[in-house]
Amino acid sequence: MVGALAVPSIASATIYTPNPGDLYDLDHHFAFTWRISGLSLAGQTLGGASVTFRQMYNWDSSPNDLFLHLLDSARTSGLATAGLPSTYVAGASGTNGSGVNWYVDDASGTVTSLVDNFQLYDVTSPGTRPATWIVNAGTADTLLTQRSFSPLGGNPNTANPGPNTSNAGWTIVTDGNDGAGHTLYDYTYSFTATQLTTLAAYIGNGGDIALGFDPDCHYFNSGISLNITTSPNSPVPEPASMFLLGSGLLVAGRRFRRRKSA
């Protein structure tokens, strides 16, 4: 009986990927949301979460920043297009029908401003938000992290070309090259304990979440994934089981005392 009550919970990991898997190589002309629906933590404890960018490198040596947000939801409809707009028109948005949505936030050929559009179009300031913005008013929004990257072939960065100076939470693994001399890296960002609490709250508020990406440069990659680790809640022993366990311990204690007195 004691052994049956002491069986440890086994953690399991679920990996989610967007479509397209590379989010259009995180083109700097756009801000993206990736909505993930049908989530539930019923009977589960959230143990960890991380976002991984596989085989990524930065487009050029210009100052850059990649902003990553956690949202409790996101719009999945917009300007109906089969793919990215062929012309960059400010205010246009679109969706590919699989939970990925985008908003054209920079029509320039090169990055001219390192601005986090999820903060610029804050949900608390409706007057600043375009009608086609990819997040509805009232959406809960948490900045997970921001990170800048060095030029082509130079990752991971040793001299930070962007405005942020802290890259806490990121791990970096070399992942080969693209055959043209560009070193490729896997970048993983792990949620903090506070962000995990927020993630659990977002999942509990409707069963869906979203990740928001604002790439202020062009970050080539071969795939993005969200990894969520959970474990079953420890079962609460029934009163009858507790009684049997207590009885067993009592009997064992009496036998021990008898042997000791003998």
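The values are calculated or read from the model by the stated rules, or taken from the named source; none is laboratory data. As the structure is a prediction and not an experimental result, all values here were calculated from the model. Cβ atoms come from the backbone with ideal geometry, glycine included; neighbour counts cover every protein chain shown.
Observations, loosely collected:
- Identity of the residue in segment 49-68, of a type outside the set (Gly, Ala, Ser) and closer than 14 Å to Ser225 by Cα, that ends up modelled with the lowest pLDDT: Met56
- Hits in segment 108-144 - residues which are touching a strand residue (DSSP E or B) at 6+ places or on another chain (Cβ under 8 Å), of a type in the set (Ser, Thr, Tyr) and either modelled with pLDDT under 85 or at positive phi (or both): Ser113, Thr132
- Test: residue in segment 191-208 that is in contact with a Lys or Arg (Cβ under 9 Å, 6 or more places away or on another chain), in contact (Cβ under 8 Å) with a residue 60 or more places away in the chain and under 21 Å from Pro63 (Cβ atoms): no
- The residues in segment 189-213 that are at pLDDT below 95 and either in contact with a helix residue (DSSP H, G or I) (Cβ under 8 Å, 6 or more places away or on another chain) or buried (at least 18 other Cβ atoms within 10 Å of the Cβ) (or both) can be counted, and the count is 1.
- Flag if His28 is part of a loop (DSSP other than H, G, I, E, B), touching a Ser or Thr at 6+ places or on another chain (Cβ under 9 Å) and at pLDDT 75 or above: yes
- Residues of segment 2-23 satisfying the condition of being modelled with pLDDT under 90, of a type outside the set (Gly, Ala, Ser) and outside any loop (DSSP other than H, G, I, E, B): Val2, Leu5
- Among the numbered conditions (1) modelled with pLDDT under 55; (2) of a type in the set (Gly, Ala, Ser); (3) surrounded by fewer than 14 Cβ atoms within 10 Å (Cβ to Cβ), the only one that Ser234 does not meet is (1).
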